[in-house]
1. Between residue 19 and residue 33, with labels modelled 7 Å along Cα→Cβ, what's the label distance in nm to one decimal, could you check?
2. Within the stretch 19-59, find all residues whose amide N lies under 11 Å from a label point positioned 7 Å from the Cα of residue 7 along Cα-to-beta-carbon.
3. Averaged across orientations, what area in nm² does the convex hull of the alpha carbons in the chain project?
Amino acid sequence: MTRQSSKSVIGTKAFAAITAVEGLTLSAASKTRLANLKANGLNNDERRAEIIRAYRAAR
């Protein structure tokens, strides 16, 4: 018997609820950045790359 791996993706609201329980919150700048990325119609990989770029530039 082979076991198939399954991938689960949670939405923004579910992720926010989970992180709130853990005591984590997004900064105002992060919220703005994510809203802008979503508004620009970027796919998940493009959004991830932009977030990584933003944090690398901040160093």
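1. In this crude label model, residue 19 to residue 33 measures out at 1.1 nm.
2. Correct set: 44-45.
3. Averaged projected hull area, Cα only: 6.3 nm².
Taken together, the values in this text are just the output of simple stated rules run on the coordinates, not laboratory data. Because the structure is a prediction, the values reported are computed rather than measured. Using ideal geometry, Cβ is built from the backbone for each residue, glycine included, and neighbour counts are taken over all protein chains shown.
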